[in-house]
Amino acid sequence: MRTLILALLFALPVFADDGVLILGAAGRTGSEIAKILIARGEKVTAFVRPTSNRDALKGMAVNYVVGDVTKADDVAAALKGKKYRVVIETLQSRRGEPTPYAPALRNLMPHAKATGVKQVIILSSTGADHGPKDFPQINYAAFGEVLKQQTEAEHILRDSGVGYSIIRIGAIISERGKPPHEPTGKSYLTEDVKKFSATTYGDVITQTAACVDATRCMNKVFVIADDTLDGEIPHFICRRFAKDPDKECVQP
């Protein structure tokens, strides 16, 4: 009898999923998140555009799906026949092109729900779902369209019925032409969505990867914060409003 039970157990199908799908995986943020997840033994699929530079993903054990997230057929093909457990959206706006955030979520969510995705994580911006009265630190004249698109994307996700984690980013401390600011390791996620704070790319990457499968992150909207970087916020704000940032804004 014992032999028969063991035989039946070994004969049962193994229910495996396809791991994590990352939208915008060829970028700095997406590729670094992929690296962390692969090191954890996760299966990772990178959704990349046909013209994407994949250098940041070289040497990684990733699968690829090629397409444009703003095209419904491409997104449908990426999820067809797959059982992704988690989808992470790390898209960035490209100058001169329409912002991709709302179209990507509009295309993604019906298929994510139909195929059993358990969690969708998106990187949004502090100021989404709010206005200039709430965040005078933000140049709404320059970033209003991005924030409008991210607000719409957030609502599409939250209304979808799929588990979600939204991480809003305020000031990312970086200087064009200079190496990225080193991660502090002191960032945290707060549900105080009226908070304007600073962070680094490295800490965004770490916090996003840590939310994968995390119950504490499920169905939550966060702001990523780092109180140790508060002194750098005035410089960040200056560069967003100044006519000549290099002359008007002094690095602290």
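Nothing in this text is a laboratory measurement; each read-out follows from the coordinates by a stated rule. Being a predicted model, the structure only gives us computed values, none of them experimental. Because the Cβ atoms are built from the backbone with ideal geometry, glycine has one as well, and the counts that use them run over all protein chains shown.
Modelled label-to-label distance, Asp230 and Lys133, 7 Å Cα→beta-carbon offset: nm?
Calculated label separation equals 2.6 nm.
With the crude spin-label approximation of a point 7 Å out along Cα→Cβ, what separation in nm comes out for Arg54 versus Ala76?
Going from the Arg54 label point to the Ala76 one covers 2.5 nm.
Take the cross-link list Lys43/Lys71; Lys133/Lys195; Lys113/Lys220; Lys148/Lys194; Lys35/Lys58 and give me the ones stretching past 21 Å between alpha-carbons. Before the final figure, lay out each step's value.
Values: Lys43/Lys71 25 Å; Lys133/Lys195 13 Å; Lys113/Lys220 18 Å; Lys148/Lys194 17 Å; Lys35/Lys58 10 Å.
Result: Lys43/Lys71 exceed 21 Å.
Expressed in nm to one decimal, what extension gain is obtained for the pair Asp192 and Asp17 from 0.36 nm per residue of sequence separation less their Cα-Cα distance?
Working: separation 175, 0.36 × 175 = 63.00 nm, distance 3.38 nm.
Fully extending the segment from Asp192 to Asp17 adds 59.6 nm.
Under the √(5λ) rule applied to the eigenvalues of the Cα gyration tensor, what semi-axes describe the equivalent ellipsoid of the stretch 123-218? Give them in Å, descending. Could you put the intermediate results ahead of the total?
Values: eigenvalues 90, 81, 26 Å².
Output for the stretch 123-218: semi-axes of 21, 20, 12 Å.
For a Förster distance of 45 Å, can you work out the FRET efficiency between the beta-carbons of Lys118 and Ala242, rounded to the nearest 0.05?
On the way: r = 44 Å, r/R0 = 0.98.
Once the sixth-power term is evaluated, E becomes 0.55.
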